[in-house]
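The values are calculated or read from the model by the stated rules, or taken from the named source; none is laboratory data. Nothing here was measured: the structure is a model prediction, and the numbers come from that model. Cβ placement follows ideal geometry from the backbone for every residue including glycine, while neighbour counts extend to all protein chains displayed.
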Amino acid sequence: MAGDRALTDREALAAEVLAFGKSLVPDRFPRPTPEALIAWGMVLGEMRVPAEVWPEAIAWWSMNSATDRMATPRELKDAAQHIVRDVWETNPEKRRILDAHRAARLRAREARGELPPGTAPETAGDTGMVAIEPRSEDTAVRWREVRAGIAQRARDRRIAEREAAGRGELFEDMNNQPGEEPPENGA
């Protein structure tokens, strides 16, 4: 409790982050005062990542970005983005946790009416991707027919252009302005 009121979800997140950070790097994190929880909660609450990301982000920050000054919410947001992008997205097990978290958030938004029905996946593992079926023999035959048709049209076009050039049709109105009638023979 901050004072006599219950913490919001964002403030609770900030309290957890500050407590973990204070235990890891005590002189680089502020005390979790009500004001600090509100301020940090506003910033960290914008990050929509699973709670399990934050300890890894704080640890990464403490080893890679900590300086002689206090930690800032922005530095921890950057660390969390790094952990999600470079660690969680590349690890299949953690990627499933991320996908489930994202799907749960979409379902919650859909339930509140913020998104149209059917936007969120039905189940946590349902990403909406459909497996591509291997080509059948019919598909291969059809593609050969399409390519042969394209090649035949290109040959026909080249033949027609050669014939038109041989009769002089291709270039006869080259000197005329648009809309101008071609000159009469002998004029």
First in the stretch 52-78 and outside the structural domain of Lys22 (by TED's automatic domain parsing), second anywhere and outside any helix (DSSP H, G or I) and modelled with pLDDT of 95 or more, Cβ under 6 Å, 6 or more apart: none
Sole residue being at pLDDT below 90, within 29 Å of Val53 (Cβ to Cβ) and not assigned by TED's automatic domain parsing to the domain that holds Glu52, chosen from Arg109, Arg144: Arg109
Pairs, first of a type in the set (A, V, I, L, M, F, W, C) in the stretch 104-117, second loosely packed, with under 14 Cβ neighbours inside 10 Å, C-beta under 8 Å, six or more apart: Leu106/Thr119; Leu115/Arg109
Failed condition for Ala36, given (1) in contact with a Lys or Arg (Cβ under 7 Å, 6 or more places away or on another chain); (2) more than 17 Å from Gln81 (Cα to Cα): (1)
The one condition in (1) at pLDDT below 90; (2) assigned to a helix (DSSP H, G or I) that Glu16 fails to fulfil: (1)
When residues of the stretch 75-94 are limited to those that are of a type in the set (D, E, K, R) and surrounded by 14 or more Cβ atoms within 10 Å (Cβ to Cβ), the one farthest from Ala51 (Cα to Cα): Glu75
